[in-house]
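Participant: My questions all concern the structure below.
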Amino acid sequence: MAQPERKDGTVGKALTVLDQVAGFDRPVRFSELFASSDYPKATLYRLLQTLTHQELVAFDPERQTYSLGMRLVRLAHSAWQQASLAPMARCHMDALAAEVGETVHLAQLDHGQVLYVDKRNAVNPVDMFSQAGKVGPAYCTGVGKAMLAFSAPAQQMQVIAQQSFHAFTSNTLKDAEALRHDLEEIRARGYAFDNEEHEAGIICVALPILSSTGQVIGGVSITSTTARHSLVSLAALLPRIQRTVDAIAEEAQNWRFPEQIPATA
């Protein structure tokens with residue numbers, strides 16, 4: 001899928017190409033990139049050369065393929081430590097997972113999507129989409145809806161406008177109106193469900209992590225299968241999730257997230 005043009009000069013174009021390489025989830029040939037790119041062949045090649053020289057992309061001359069470079073691994077590790085809730089939440093995630101025995105997710109909103117920043121597998125693991133570092137849709141995941149429901153109105157409106165509303169299952173919310181209605185109900189009761197909306201047979205209950213000023217800084221969910229749990233039995237775990245999100249919020253009081261750091265001249 002072609003990427004929209006961004007008015008960020010060469011840096012913006014290079015990052016668009018980097019996103020494109022990452023989107024294949026495998027080593028990719030130049031011809032494949034060019035087939036889905038808005039850029040002329042010479043421009044695309046030049047951008048790839050720059051990314052390769054900066055070690056953000058690696059080129060395999062034998063297979064003639066491009067893949068993400070090791071410099072990104074170092075940058076990702078640094079970002080995980082500095083901008084993610086994961087390091088401070090680790091012990092609380094461990095304790096929750098040990099107590100409930102089910103899959104536990106820690107997530108943050110990232111440009112209209114859910115970024116899974118940490119995950120604990122169930123005692124009897126279940127194969128599912130989510131993995132730490134992956135992004136998922138906000139409109140059909142419990143943790144995404146929990147964060148959205150408690151977001152500021154302007155941010156909520158912006159994120160809703162970014163959703164694709166692809167029907168993953170017969171339970172997936174079909175449009176913005178249905179999502180807004182669901183978010184109103186979630187805010188009223190205080191927690192969100194994923195009722196097989198993203199993956200058939202997968203259900204979850206989720207709570208937002210709120211700062212002392214009410215800002216959404218993340219979300220936690222417990223996920224299971226319809227073979228092991230119902231929405232009612234998952235909801236019974238809400239007091240334990242509440243203690244977890246409260247503990248994470250407490251630890252985050254002095255955490256300086258990137259968007260809260262004032263720009264310097």
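The values are calculated or read from the model by the stated rules, or taken from the named source; none is laboratory data. Because the structure is predicted, anything quoted here is derived from the model rather than measured. Cβ atoms come from the backbone with ideal geometry, glycine included; neighbour counts cover every protein chain shown.
Participant: Going residue by residue through segment 234-253, is there one that turns out to be over 21 Å from ASP94 (Cα atoms) and not in a strand (DSSP E or B)? Don't jump to the end; show me each part of the working.
Facilitator: Let us first name the residues in segment 234-253 that are over 21 Å from ASP94 (Cα atoms), namely none.
Within segment 234-253, not a single residue is over 21 Å from ASP94 (Cα atoms) and not in a strand (DSSP E or B).
Participant: With respect to ILE203, determine if the residue is within 18 Å of the chain's Cα centre (by Cα) and modelled with pLDDT of 95 or more.
Facilitator: yes
Participant: Can you tell me how many residues in segment 51-72 are among the β-branched types (Val, Ile, Thr) and surrounded by fewer than 16 Cβ atoms within 10 Å (Cβ to Cβ)?
Facilitator: Summing the residues that are among the β-branched types (Val, Ile, Thr) and surrounded by fewer than 16 Cβ atoms within 10 Å (Cβ to Cβ) in segment 51-72 gives 1.
Participant: Here is a follow-up. So how many residues does segment 39-60 have that are closer than 19 Å to LEU75 by Cα and among the hydroxyl-bearing types (Ser, Thr, Tyr)?
Facilitator: Of the residues in that region, 2 qualify.
Participant: For a quick check of your reading: which strands (runs of 3 or more DSSP E) sit entirely within segment 81-161 and have at least 1 residues that are of a type in the set (Lys, Arg) and assigned by TED's automatic domain parsing to the domain that holds GLN215?
Facilitator: In segment 81-161, 113-120 are the strands (runs of 3 or more DSSP E) which contain 1 or more residues that are of a type in the set (Lys, Arg) and assigned by TED's automatic domain parsing to the domain that holds GLN215.
Participant: Just checking, does segment 151-163 include any residue being among the hydroxyl-bearing types (Ser, Thr, Tyr), closer than 25 Å to GLU251 by Cα and more than 18 Å from the chain's Cα centre (by Cα)?
Facilitator: Within segment 151-163, none of the residues are among the hydroxyl-bearing types (Ser, Thr, Tyr), closer than 25 Å to GLU251 by Cα and more than 18 Å from the chain's Cα centre (by Cα).
Participant: Tell me which of these GLU102 doesn't satisfy, since it passes every other one: (1) modelled with pLDDT under 95; (2) within 30 Å of PRO208 (Cβ to Cβ); (3) acidic (Asp, Glu).
Facilitator: For GLU102, the failing item is (1).
Participant: May I pose another question? Here's a check for you: in segment 163-218, which residue that is in a helix (DSSP H, G or I) and among the aliphatic types (A, V, I, L, M) is nearest to PRO153 (Cα to Cα)?
Facilitator: Among those residues, the one meeting the criterion is LEU183.
Participant: On to the next question. Scan segment 155-172 and give yes if some residue there is within 22 Å of LEU96 (Cα to Cα), in contact (Cβ under 8 Å) with a residue 12 or more places away in the chain and not acidic (Asp, Glu), otherwise no.
Facilitator: Taking segment 155-172 and keeping what is within 22 Å of LEU96 (Cα to Cα), we get none.
Looking for residues that are within 22 Å of LEU96 (Cα to Cα), in contact (Cβ under 8 Å) with a residue 12 or more places away in the chain and not acidic (Asp, Glu), one finds none in segment 155-172, hence no.
Participant: Criterion first (touching a residue at least 24 places away in the same chain (Cβ under 8 Å), of a type outside the set (A, V, I, L, M), assigned by TED's automatic domain parsing to the domain that holds ASN124 and closer than 20 Å to ALA252 by Cβ) does GLY190 satisfy it?
Facilitator: Criteria not met by GLY190.
Participant: Inspect all residues belonging to segment 134-149 and state whether any of them is among the aromatic types (Phe, Trp, Tyr), within 19 Å of ASP110 (Cα to Cα) and surrounded by 15 or more Cβ atoms within 10 Å (Cβ to Cβ).
Facilitator: Yes, segment 134-149 contains a residue that is among the aromatic types (Phe, Trp, Tyr), within 19 Å of ASP110 (Cα to Cα) and surrounded by 15 or more Cβ atoms within 10 Å (Cβ to Cβ).
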